[in-house]
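In what follows, a structure is listed as structure tokens, so that the remarks can point back to it.
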Amino acid sequence: MSFFAGDGDRDGMRPTIANAGEDRKASGLKRMRRTAMWLLAFMIALLFACVAWQADHSWLAWPRAFAEAGTVGAIADWYAVVALFRHPLGLRIPHTAIIPQNQQRIAESLGSFVEENFLAPELIIGRLSGHDAAQALARWLAQPANSRGVADIVADAVAGLLEGIDEADLQWFFDRLVIPQLRTLDVSRVAGDVLKVLTEGERHQPWLVHGLEALEKWLTANVDMIKAKFSETSRYTPAPLDDYIVRKFIEGIIALLHEAAASPDHALRRQFDETLQALTVRLQTSAVHRRFGKSLMHDCIRYFRHADYYRVLLERLRIRVTADLGHEQSSVRDALTSMLASLGKRISREPAIRHKLSAWWLALARELVVRYGRQLSALITEVVKGWNAGEVSRKIEAEIGRDLQYVRINGTFVGGMVGVLLHAAILAIMR
């Protein structure tokens, strides 16, 4: 609960944080506008003062030249800045409100610019090939804290998925995806292939030894039951004789089992291996076994579909996984963490695996860029075209408006300095 509540709090805070940032930008823009306007007003006031008193004070020609050029520069830069975003003084002068008026062209140019300069396959592959992403990922996953974080995300996603799935969804999954594959499955051949894998390289021998030992323990534990059953079927022999016969029989069987378990070449084990090999061949090739396997699979599917197992399977899975994930020591989370950490260590130690992963990653990146690069640029173009022109203009002005106001301020001073230099040049020429 706290996890989702935390996400909700953060989601609720994002608009507030965004609005606060926009307010700061708007406030800074207004402040810089006022500064630039006050500077323009100061230049105009200085110009009128110099004109009024220049007849009595000739040296005012120098600040007059500064004020004249500065005023012209400030007004010109004001016009240029305003013309980017709106019509100056509301007058629809040609080639003003450049950004709103040219939104469609800007959108197309932006899409083309991104496609040509960011989505070129050679550029992306060149950048990616210089970075060993597989090694970086392996080292990152090898860190327990990182692998645990990924495991937590996957586990929470699985829990959410199980909570969102209902019986109808699970039934659709099995009816459309699982059961059609099971209907075409050759159960007999699969069983034969599995049996062949188990018997190759004597893999089944330890299991055979365990089976012989289990049979010996069963005989030893059930001697009395065997004696009783033997006595029931042998009514005309005395009980001591029955006990003797059964005891010797069991002792002989146990001795045979000991010999078979101790000797890999024992005749009993050879007969067992020959039986397994013959069974493997029959399972793989016999039409009778194939028909029986298909019939068995069809019966299992029919029973599964009519026994309400969809609901039972979903409920059991949901209960077990949810209960495990709710514990502080979750086996699912621990297993995922261990698997991811082991994967990271394995990739980090195996250069061949890293090389294959890097080659696959580069090939995938190239394929994605070639196939979807144009669609991505078209998406950017369509998104920008769909924006409100006035809102786009305001956002752009909020981002770069302060710098543009500095342009106005600098233009005022640069214009003033140019005016002084021109006045000095004229005086030098006239002399």
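Annotations for the structure displayed:
- Most mobile of K356, K395, K217 in a GNM of the chain (Cα contacts under 10 Å): K217
- Calculated FRET efficiency for the pair E367/I93, C-beta based, R₀ 51 Å, to 0.05: 0.55
- Comparing R269, R235, R349 in a Gaussian network model of the chain, where Cα atoms under 10 Å apart are tied by springs, the biggest mean-square fluctuation is seen for R235.
- When you work out D = kT/(6 pi eta Rh) for segment 149-328 at 4 °C and 1.567 mPa s, using the Kirkwood radius from C-alpha pairs as Rh and the Stokes-Einstein form, the result is 59 µm²/s.
- Three-way shape call for segment 53-176 based on the alpha-carbon gyration tensor, with the a/c threshold at 1.5: prolate
- Restricting segment 328-424 to chymotrypsin sites (Phe, Trp or Tyr not before Pro) that sit in a DSSP loop and have at most 15 other Cβ atoms within 10 Å of their own Cβ leaves W387.
- The GNM of the chain, with springs linking C-alpha atoms under 10 angstrom apart, assigns the highest mean-square fluctuation among L317, L336, L241 to L241.
- Once the chain from H266 to E116 is taken as fully extended at 0.36 nm per residue, the excess over their C-alpha distance is 46.4 nm.
- Under 5 Å from the amide H of R86 lie the amide H atoms of A97, I98, each residue being 5 or more positions distant or on a separate chain, with H modelled from the backbone and absent for Pro and chain starts.
- Along segment 369-381 the Karplus relation, 6.51 cos²θ - 1.76 cosθ + 1.60 evaluated at θ = phi - 60°, assigns HN-Hα couplings of 5, 5, 7, 10, x, 5, 5, 5, 5, 5, 5, 4, 4 Hz to successive residues, with x for each Gly and Pro.
- Remark: the Cα gyration tensor places segment 281-427 in the prolate category, a/c being 1.5 or greater and a/b exceeding b/c.
- Anisotropy class of the chain from Cα gyration tensor, a/c 1.5 cut: prolate
- Nearest 10 degrees, 0 to 90: helix 61-85 Cα axis against the chain principal axis: 40 degrees
- From phi via Karplus (6.51, -1.76, 1.60), per-residue ³J(HN,Hα) for segment 184-196 in Hz, x at Gly/Pro: 8, 6, 8, 4, 4, 5, 4, 4, x, 5, 5, 5, 5
- From phi via Karplus (6.51, -1.76, 1.60), per-residue ³J(HN,Hα) for segment 352-361 in Hz, x at Gly/Pro: 5, 5, 4, 4, 5, 5, 5, 5, 5, 5
- Here segment 354-368 and segment 146-212 have alpha carbon centers that stand 29 Å from each other.
- Here's the picture: charge each Lys and Arg Cβ at +1 and each Asp and Glu Cβ at -1 in segment 297-360, and of H355, Y303, L340 the one pushed furthest to the positive end of that dipole is H355.
- Helix 133-142 and the longest principal axis of the Cα set of the chain meet at an angle near 60°.
- Modelled this way, with points 7 Å down the Cα-to-C-beta line, the labels at K25 and R203 are 6.2 nm from one another.
- Listed residues P206, L162, M225: farthest to the positive end of the dipole of segment 149-328 (Cβ charges): M225
- The chain, relative contact order in percent, only Cα pairs under 8 angstrom and at least six apart counted: 41 percent
- Cα long-axis angle, helix 389-430 against the chain (0 to 90 degrees, to the nearest 10): 30 degrees
Throughout, read-outs are computed from the coordinates displayed, never taken from laboratory work. Note that this is a predicted model, so its numbers are computed, not measured. Every residue, glycine among them, receives a Cβ derived from its backbone with ideal geometry; neighbour counts consider all protein chains shown.
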